[in-house]
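Colleague: One structure follows; several queries about it will come next.
The values are calculated or read from the model by the stated rules, or taken from the named source; none is laboratory data. Worth saying up front: this structure is predicted, and the values here are computed from it rather than measured. Note that each Cβ is placed from the backbone with ideal geometry, even for glycine, and that neighbours are counted across all protein chains shown. The accessibility values were calculated without ligands, DNA or RNA, using every heavy atom of the protein model including side chains. Shrake-Rupley method; radii C 1.70, N 1.55, O 1.52, S 1.80 Å.
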Amino acid sequence: MKSSTEFKNSSSNKQDITLKRANLDNANQILEMQITAFENLLNKYQDFDTNPGAENLDRIIKKLKQRGSYFYLINLGETPVGAIRIIDRKIGKKLISPIFILPKYRKQGYARCAIKLAEAMHGSTNWKVETILQEPTLCRFYEKLGYRKTNRQKIINSNLTLVYYVK
């Protein structure tokens, strides 16, 4: 992994997207963005135990302090448009958990760009991610990035099943 706290995309069409390593000073900002980004899914599926939009500040702080946990702000220029957390303990698979883009910045390729930047920083193989089976757009998003659906699923409630992908 690069030692810099900021990593820029070299692609000309999304040249202003950067990943900037978050720290404890960013905890409130991450929490507020995460609540906004996951609000619709939380309301739709009522998954208060698993949805990042239902987390509290203590949980964000714990994730920021966790060994092998790398939280990055996804910035468009100087503006944070989302965040991505990578769990990379250097002993196997790396996990994306979570990634989110604020609603007004969605469908512009920023999440795709953030994942490619994370893969450039942490290595391009041995990744895993989970997403909502009932959200085909999310499933297609990961599939277009080269992730393959596994047979592993986890039923959260009668309306929500998590499906697992690897790359």
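Colleague: Please report, ordered by residue number, the strands (runs of 3 or more DSSP E) entirely within the stretch 52-167 with at least 1 residues that are closer than 23 Å to ASN26 by Cα, open to solvent by less than 20 Å² (accessible area, probe 1.4 Å) and modelled with pLDDT of 95 or more.
Modeller: Here the list reads 69-76, 79-87, 94-101.
Colleague: Here is a check on your reading of the model: is ASN13 assigned to a helix (DSSP H, G or I), open to solvent by 50 Å² or more (accessible area, probe 1.4 Å) and at pLDDT below 95?
Modeller: It is true that ASN13 is assigned to a helix (DSSP H, G or I), open to solvent by 50 Å² or more (accessible area, probe 1.4 Å) and at pLDDT below 95.
Colleague: Out of THR5, THR36, I need the residue that is among the hydroxyl-bearing types (Ser, Thr, Tyr) and either modelled with pLDDT of 95 or more or more than 24 Å from TRP127 (Cβ to Cβ) (or both). Which one?
Modeller: From the options THR5, THR36, the qualifying one is THR36.
Colleague: Also: Working only within the stretch 42-96, note down all residues that are touching a strand residue (DSSP E or B) at 6+ places or on another chain (Cβ under 7 Å), aliphatic (A, V, I, L, M) and farther than 14 Å from MET121 by Cβ.
Modeller: Residues satisfying the conditions are LEU64, LEU76, VAL81, ALA83, LEU95.
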